1. Could you say whether any residue in the range 70-78 is in contact with a strand residue (DSSP E or B) (Cβ under 7 Å, 6 or more places away or on another chain) and more than 19 Å from VAL108 (Cα to Cα)?
2. Identify, from the list VAL10, VAL51, the residue that is farther than 23 Å from SER126 by Cα, at pLDDT 95 or above and touching a strand residue (DSSP E or B) at 6+ places or on another chain (Cβ under 9 Å).
3. Among the residues of the range 118-128, count how many are open to solvent by 20 Å² or more (accessible area, probe 1.4 Å) and modelled with pLDDT of 85 or more.
4. Can you find, within the range 100-116, the residue that is nearest to LEU21 (Cα to Cα) among those that are part of a loop (DSSP other than H, G, I, E, B) and modelled with pLDDT of 90 or more?
5. Give the range 6-19 a look and list any residue that's surrounded by fewer than 17 Cβ atoms within 10 Å (Cβ to Cβ) and either under 13 Å from ILE42 (Cβ atoms) or not small (Gly, Ala, Ser) (or both), or say none.
6. Do we have GLY139 as modelled with pLDDT of 85 or more, small (Gly, Ala, Ser) and either under 26 Å from SER81 (Cβ atoms) or surrounded by fewer than 21 Cβ atoms within 10 Å (Cβ to Cβ) (or both) here?
7. Scan VAL52, VAL47 and give me the residue that is touching a Ser or Thr at 6+ places or on another chain (Cβ under 7 Å) and of a type in the set (A, V, I, L, M).
8. Cβ contacts < 6 Å: first residue β-branched (Val, Ile, Thr), restricted to the range 68-81; second residue open to solvent by 40 Å² or more (accessible area, probe 1.4 Å) and assigned to a strand (DSSP E or B), any location; separation 6+ or different chain. Result?
Amino acid sequence: MDGDGKLDLVVANTGENALSLFRNTSTPGSITASSFASRVNIATSGVPIAVVAADLNKDGKPDIISANTGDSTISVFQNNSTSGSITNGSFVAGIDFKLSAAPNAIAVGDLNGDGLPDVAVTNGNSNTLSVFLNANNAGGNVTKQFLRFKGGLCSGNRSVRSCNRRS
């Protein structure tokens with residue numbers, strides 16, 4: 001998350017309506033109880049159930065997307081961290097995108113082949129999939145117009161890869 005080449009941890013912290021980030025401070029080949037810095041919490045708009053990281057704005061830094069069941073939204077947090085540091089200011093306040101039902105999973109991939117990562121969210125209460133196509137210019141700031149809602153594409157228990165197949 002902070003660009004130092006080590007994989008950091010981001011977890012959905014449902015008890016605190018937050019995402020908890022743990023910066024990896026380990027040495028190569030060794031993971032111990034002290035391999036991660038103290039957690040940094042990022043508040044979400046509702047109860048986060050799932051989280052993914054992807055470079056949505058193509059600035060070389062992974063942004064965070066959370067699926068929030070408490071208010072049926074996804075939140076996008078733009079990464080502004082500096083190498084070797086994760087603080088409360090490392091991510092811009094979340095931009096929320098409303099869903100028609102409570103989400104239960106989230107995935108990121110280039111769904112329309114334009115080279116930009118798009119966001120797919122399963123809506124557990126309605127058994128549908130919502131897709132947000134990435135409308136960002138590379139390197140720009142994440143804004144409310146960043147993702148365009150394309151509605152439910154399919155229903156049932158399917159993966160992002162199988163949504164357009166008849167199975």
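1. First, pick out the residues of the range 70-78 that are in contact with a strand residue (DSSP E or B) (Cβ under 7 Å, 6 or more places away or on another chain): 72-78.
Checking the rest, the ones that are also more than 19 Å from VAL108 (Cα to Cα) come to none.
Scanning the range 70-78 turns up no residue that is in contact with a strand residue (DSSP E or B) (Cβ under 7 Å, 6 or more places away or on another chain) and more than 19 Å from VAL108 (Cα to Cα).
2. Numbers: VAL51 fails: farther than 23 Å from SER126 by Cα.
Result: VAL10 is the single residue among VAL10, VAL51 that is farther than 23 Å from SER126 by Cα, at pLDDT 95 or above and touching a strand residue (DSSP E or B) at 6+ places or on another chain (Cβ under 9 Å).
3. Of the range 118-128, the ones open to solvent by 20 Å² or more (accessible area, probe 1.4 Å) are 122, 124-128.
Keeping just the survivors that are modelled with pLDDT of 85 or more gives 122.
Going through the range 118-128 one residue at a time, the tally reaches 1.
4. Our first condition is that a residue be part of a loop (DSSP other than H, G, I, E, B); within the range 100-116, this holds for 100-102, 110-116.
Then drop every residue that is not modelled with pLDDT of 90 or more, which leaves 102, 110.
Details: ALA102: 23, ASP110: 25 Å.
Per the criteria, the residue is ALA102.
5. Within the range 6-19, LYS6, LEU7, LEU9, VAL11, THR14, GLU16 qualify.
6. Working: modelled with pLDDT of 85 or more: no; small (Gly, Ala, Ser): yes; either under 26 Å from SER81 (Cβ atoms) or surrounded by fewer than 21 Cβ atoms within 10 Å (Cβ to Cβ) (or both): yes.
So GLY139 fails the test.
7. Numbers: VAL52 fails: touching a Ser or Thr at 6+ places or on another chain (Cβ under 7 Å).
Step by step, each of VAL52, VAL47 is checked, and only VAL47 is touching a Ser or Thr at 6+ places or on another chain (Cβ under 7 Å) and of a type in the set (A, V, I, L, M).
8. Final answer for the pair search is THR69/ILE49; THR73/ASP96; THR73/LYS98.
The values are calculated or read from the model by the stated rules, or taken from the named source; none is laboratory data. Only a predicted model underlies this, so the values are computations on that prediction, with no experimental measurement involved. In this analysis, Cβ positions are derived from the backbone assuming ideal geometry, glycine residues included, and neighbour counts consider all displayed protein chains. When the accessible area is computed, the model is the full protein with side chains, heavy atoms only, and any ligands, DNA or RNA have been set aside. Shrake-Rupley method; radii C 1.70, N 1.55, O 1.52, S 1.80 Å.
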